[in-house]
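> The structure is given below, and queries will be raised subsequently.
The values are calculated or read from the model by the stated rules, or taken from the named source; none is laboratory data. None of the values given here were measured: they were computed from a predicted structure. Heads up, the Cβs are rebuilt from the backbone with ideal geometry, glycines too, and the neighbour counts pull from every protein chain shown.
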Amino acid sequence: MFRIDDFKSAVESADAEALAALYDDDAQIDMINQNSPPANPRRIHGKDEISAYLKDVYNRDMKHFIEQRVQQGDTGAFVERCRYADGVGVLAASVFETRNGRIFRQTTVEAWDS
């Protein structure tokens, strides 16, 4: 069974490997931000792409915090706040669905400091 507290721990310790293990082999993440609008989101699909994405993000010089989280059965949501060493902030709100104890679909909307 997926536990959102395990997800929170992996995010806040910047453990990309532990995070990747929480995603299904054919999982998909749709990222929506200034560069990837809702009509054309950045789509990250499959374990290999997701692992590479997570390694990139969580190896950066920044801190990650899960401020809010909720899980009900196979669905959940969280708000992640990030801060780069230079002070630039990012806020991401995500909704996810799980299958067989791992995330298989996630939609994330990001907003960056200008």
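> Please tell me if Phe96 is in contact with a Lys or Arg (Cβ under 8 Å, 6 or more places away or on another chain), closer than 15 Å to Tyr23 by Cβ and among the hydrophobic types (A, V, I, L, M, F, W, C).
yes
> On to the next question. Counting only residues that are part of a strand (DSSP E or B) and free of Cβ contacts under 8 Å to residues at least 60 places away in the same chain, which one in region 93-114 is farthest from Asn33 (Cα to Cα)?
Filtering region 93-114 for residues that are part of a strand (DSSP E or B) and free of Cβ contacts under 8 Å to residues at least 60 places away in the same chain, the one farthest from Asn33 (Cα to Cα) comes out as Glu97.
> How many residues does region 29-54 hold that are surrounded by 15 or more Cβ atoms within 10 Å (Cβ to Cβ) and either touching a Gly at 6+ places or on another chain (Cβ under 8 Å) or aliphatic (A, V, I, L, M) (or both)?
Counting residues in region 29-54 that are surrounded by 15 or more Cβ atoms within 10 Å (Cβ to Cβ) and either touching a Gly at 6+ places or on another chain (Cβ under 8 Å) or aliphatic (A, V, I, L, M) (or both) gives 6.
> Follow-up. Tell me whether region 73-92 contains one or more residues that are polar (S, T, N, Q) and either surrounded by fewer than 12 Cβ atoms within 10 Å (Cβ to Cβ) or part of a loop (DSSP other than H, G, I, E, B) (or both).
no
> Any idea how many residues of region 1-26 are over 12 Å from the mean Cα position of the chain (by Cα), of a type outside the set (Phe, Trp, Tyr) and surrounded by 18 or more Cβ atoms within 10 Å (Cβ to Cβ)?
Number of matching residues: 1.
> Can I ask one more? Considering only region 44-62, state which residues are touching a residue at least 24 places away in the same chain (Cβ under 8 Å) and either within 18 Å of Gln28 (Cβ to Cβ) or of a type in the set (D, E, K, R) (or both).
Lys47, Ile50, Ser51, Tyr53, Leu54, Lys55, Val57, Arg60, Asp61
> Continuing with the same structure: Does Ile50 count as under 21 Å from Arg3 (Cβ atoms), among the hydrophobic types (A, V, I, L, M, F, W, C) and modelled with pLDDT of 95 or more?
yes
> Just give me the residues in region 59-71 being within 15 Å of Asp6 (Cα to Cα) and surrounded by fewer than 12 Cβ atoms within 10 Å (Cβ to Cβ), in sequence order. Show your work before the answer.
Here is the first cut: in region 59-71, the ones within 15 Å of Asp6 (Cα to Cα) are 64-71.
The answer is Glu67, Gln68, Val70.
> Condition check: closer than 16 Å to Thr107 by Cβ and of a type in the set (A, V, I, L, M). Does Val57 satisfy that?
When the stated conditions are applied, Val57 does not pass them.
> If you check every pair at least six apart or on different chains, which have Cβ atoms under 6 Å apart with a residue in region 63-85 that is more than 27 Å from Asn100 (Cα to Cα) first and a residue that is of a type in the set (Asp, Glu) second?
Hits for this filter: Arg81/Glu67; Ala85/Asp61.
> Please name all residue pairs, on different chains or six or more residues apart, with Cβ atoms under 7 Å, provided the first residue is in region 1-20 and is acidic (Asp, Glu) and the second residue is buried (at least 16 other Cβ atoms within 10 Å of the Cβ) and outside any helix (DSSP H, G or I).
Every condition considered, the pairs that remain are Asp6/Leu22; Glu12/His64; Glu12/Ile66.
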